[in-house]
Amino acid sequence: MILDAKSTIEAGKAILGIEFGSTRIKAVLIDQDNKPIAQGSHEWENQLVDGLWTYSIEAIWYGLQDCYADLRNNVKKLYDTEIEILSAIGISAMMHGYMAFNDKEEILVPFRTWRNTNTAQAAAELSELFVFNIPLRWSISHLYQAILYNEEHVKDINFLTTLAGYIHWQLTGQKVLGIGDASGMLPIDPLTRNYSAEMVEKFNKLIAPKGYSWKILDILPKVLLAGENAGFLSEEGARRLDISGHLKPGIPVCPPEGDAGTGMVATNAVRKRTGNVSAGTSSFSMIVLEKDLSKPYEMIDMVTTPDGSPVAMVHCNNCTSDLNAWVGLFKEYQELLGIPVDMNEVYEKLYNNALNGNADCGGLISYNYISGEPVTGLSEGRPLFVRSANDKFNLANFMRANLYASVGVLKIGNDILFKEENVKVDRITGHGGLFKTKGVGQKILAAAINSPISVMETAGEGGAWGIALLGAYLVNNKEQLSLADYLDNVVFAGNTGVEIAPTAEDVAGFNAYIENYKAALPIEKAAVKFKK
C-alpha cells in the first residue's frame, strides 16, 4: 500500500538524503515512490585560513543541524507531524579533500577542501609513480603534499577521510566510504573494486623512509559499494543530527558518497555507455566506460560510479559565470530604457536568438575564464572576447559564441574520449543552470560533443535526492537488482527525458569554432600575464 506523505513520515517509511555542497547544505525527504516530499537547506561559505580553503568543524555541524532543523520545520508546516523514525539515511558531500584525525578523533589540521591547489608537486610526482592521472584535489595528493612539506601532524594520523566519510563516521561509528568518493582518495582497481593494491604498495614504498607508524591502508576508510551495509544511526549520531531529540537511533545509513556519484544517480547515468553533464558555475562530464582508457590523460580524472564501474570525468572550472555577466549587461540596458525586467524572459530571448547565429559564430570567440582552467593550461583566468574586423559581429553570433564558450573546454576534454579513445555512449543527460532555458543549452552541448543530450525534470532535484535514492536502494531493493536496473525500472520507470540530437551543420560549426578557440589561446595566455 502506498501511503500519503504524512502517513509515510509517521510510519517511518520516508528516506532522508543530505548533501554538503560548496555553498549550500540540502536535505531531501523522499516517499516510497522516490518522490521528494519535504526539503531543508542551510547556506554556508568556505573560509581562506592560512592560505588554504576550509570549513571549520563547528560550521560543518552547525550547518548540518540547521539544515535538518529547517527540514523538520517544513515537515511540521506541510504535514503537521514530527520526524521520529526513517527507513534510511544517506550522506553525500563535495568529493576529495583532506580530513585527518588522531587516535582521539581530533582533527589534526583544518579540513582542506577540493578547492585547494597547493598540491601540484605531490600530484605530479604521484601521477608519474602510479602511471595514472592524480588530480590536485584528491586526498592522496593532499596527504603526500603534507609529507613533502614535512608537516608535523602526519605522524599522528589515525584516520583520513572525506567530508561525507567524516559525517557518516560521526553518525554511525563506521569508518567506511562509498566507492565513488573513495576513488577520489586513492585510485580504485575496477576488478577488485577496492583501492589499487599496486598503487598501495608503491605509495608505502615511497614513504617508507619517513618511518611513520602507519601504512596507507591503516588510515583509509573501508570501500563499500552501493547497497552494502554501512552501519546504523547511533544514539549519539541521532542527537547530533537532530538536536530537538525526536529522531530515534537504529536507522540504516547507506555508504556515504561524493557529489559526482549522487549526480550520476540523480540523472540515471550509472549504466555503462551512459553519461551526464553538469553545467552551472563550473561544469563536468561523467562518462561510464566499458573498458579502461589506453593511457592516462592529465585532463581526464578516472573515478567510479557508486557501484564501481569506471568513469571518465572531465572537470572544468568555468561555465556560466561570464555568460551570466553578459546577460546582466543587457538587463542594465533594458532598465535604462525604463522597461520592466523579467530575467527569465531576458535569458529566453537572448539564448533563443543565439540559435539564429552562424553555426561557427561568424568567427567570434569568447574565453569565459573567470578563474584558471587546468584543461587548457591556464593557472589564472581573464574573461576575454575576441574578434577580427572581418568577423560577422551581431547579437546572435555574440550570444552563440558565449554559449559555445560555456562548454568549449568540456568539448576539448571529451574530444579525447570520443575521438582518440573511441568511447561509445548511448545517452548523455544534462543538468544545471545552462539547461534552464528550454532546448537551447541542450542543442549547444549536443553540437559540442556530437551526441544526443537528454534533460529530465527530476535532474533539478540534485545530489541530495541522489543520495536519498541510494538510501532507498539499500533498504527497498527487494529483488536484488543492480543499481542501473533499479534506477531504470523502479525510480525512473522508463522516463529518459526530452532528447535533442545534434545536426551535422551545428557539429561542423562548433568544430570550426573550437579550432579558432584553440588557435587563439595564446591571446588568453598573454592576457593572464597582464597585471593591472
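The values are calculated or read from the model by the stated rules, or taken from the named source; none is laboratory data. If you're wondering where the values come from, they're calculated on a predicted model, not measured in any experiment. Here the Cβ is made from the backbone with ideal geometry for all residues, glycine too, and neighbour counts use every protein chain on show. Accessible surface is based on the protein model in full, side chains and every heavy atom, while ligands, DNA and RNA are left aside. Shrake-Rupley method; radii C 1.70, N 1.55, O 1.52, S 1.80 Å.
For the condition open to solvent by 40 Å² or more (accessible area, probe 1.4 Å) and either touching a residue at least 40 places away in the same chain (Cβ under 8 Å) or among the acidic types (Asp, Glu) (or both), what is the one hit in 530, 492, 510? Steps first, please.
Values: 492 fails: open to solvent by 40 Å² or more (accessible area, probe 1.4 Å); 510 fails: open to solvent by 40 Å² or more (accessible area, probe 1.4 Å).
Residue meeting the stated conditions: 530.
Tell me which strands (runs of 3 or more DSSP E) are completely within the range 338-444 and hold 1 or more residues being more than 30 Å from residue 134 (Cβ to Cβ), or say none if there are none. Spell out how you get there, then give the answer.
On the way: elements: 365-367, 384-386, 427-431.
The qualifying strands (runs of 3 or more DSSP E) are 365-367, 384-386.
Could you say which residue among 205, 248, 215 is out of contact with any Ser or Thr (no Cβ under 6 Å at 6 or more places or on another chain), of a type in the set (Lys, Arg) and closer than 23 Å to residue 9 by Cα? Give the derivation first.
On the way: 205 fails: closer than 23 Å to residue 9 by Cα; 215 fails: closer than 23 Å to residue 9 by Cα.
Going through 205, 248, 215 in turn, just one is out of contact with any Ser or Thr (no Cβ under 6 Å at 6 or more places or on another chain), of a type in the set (Lys, Arg) and closer than 23 Å to residue 9 by Cα: 248.
Output the residues belonging to the range 1-20 that are closer than 15 Å to residue 81 by Cα and among the aliphatic types (A, V, I, L, M). Outline the logic, then answer.
If we filter the range 1-20 for residues that are closer than 15 Å to residue 81 by Cα, which is where we start, we get 3-14.
Of everything in the range 1-20, those that are closer than 15 Å to residue 81 by Cα and among the aliphatic types (A, V, I, L, M) turn out to be 3, 5, 9, 11, 14.
Between residues in the range 443-466 that are at pLDDT 95 or above and residues that are among the basic types (Lys, Arg) and assigned to a helix (DSSP H, G or I), which pairs lie under 7 Å by C-beta distance while being six or more apart or on different chains?
If the second residue must be among the basic types (Lys, Arg) and assigned to a helix (DSSP H, G or I), the pairs left are 448/411.
Look through 17, 40 and report the one residue that is under 15 Å from residue 89 (Cα atoms), free of Cβ contacts under 8 Å to residues at least 40 places away in the same chain and not acidic (Asp, Glu).
Working: 17 fails: free of Cβ contacts under 8 Å to residues at least 40 places away in the same chain.
None of the others qualify; the one that does is 40.
Within the range 177-195, count every residue that is in contact with a Leu (Cβ under 8 Å, 6 or more places away or on another chain) and open to solvent by 10 Å² or more (accessible area, probe 1.4 Å).
2
Check off (1) free of Cβ contacts under 8 Å to residues at least 40 places away in the same chain; (2) farther than 22 Å from residue 224 by Cα; (3) not acidic (Asp, Glu) for residue 130 and give me the number that stays unchecked.
Unmet for residue 130, out of (1) free of Cβ contacts under 8 Å to residues at least 40 places away in the same chain; (2) farther than 22 Å from residue 224 by Cα; (3) not acidic (Asp, Glu): (1).
How many residues are touching a residue at least 24 places away in the same chain (Cβ under 8 Å), out of contact with any Gly (no Cβ under 6 Å at 6 or more places or on another chain) and either polar (S, T, N, Q) or open to solvent by 30 Å² or more (accessible area, probe 1.4 Å) (or both) if we restrict to the range 421-430? Steps first, answer last, please.
First pass over the range 421-430, keeping only residues touching a residue at least 24 places away in the same chain (Cβ under 8 Å): 421, 423-430.
When the remaining residues are screened for being out of contact with any Gly (no Cβ under 6 Å at 6 or more places or on another chain), the result is 421, 423-424, 426-427, 429-430.
If we keep only those that are either polar (S, T, N, Q) or open to solvent by 30 Å² or more (accessible area, probe 1.4 Å) (or both) as well, we get 424, 426-427, 429.
Number of matching residues: 4.
Count, please, the residues in the range 301-337 that happen to be open to solvent by less than 10 Å² (accessible area, probe 1.4 Å), within 19 Å of residue 271 (Cβ to Cβ) and either part of a loop (DSSP other than H, G, I, E, B) or free of Cβ contacts under 8 Å to residues at least 12 places away in the same chain (or both).
Total meeting the criteria: 3.
Taking residue 354 as the residue in question, decide whether it is farther than 25 Å from residue 290 by Cβ and out of contact with any strand residue (DSSP E or B) (no Cβ under 9 Å at 6 or more places or on another chain).
Values: farther than 25 Å from residue 290 by Cβ: yes; out of contact with any strand residue (DSSP E or B) (no Cβ under 9 Å at 6 or more places or on another chain): yes.
Taking the combined requirement at face value, the residue satisfies it.
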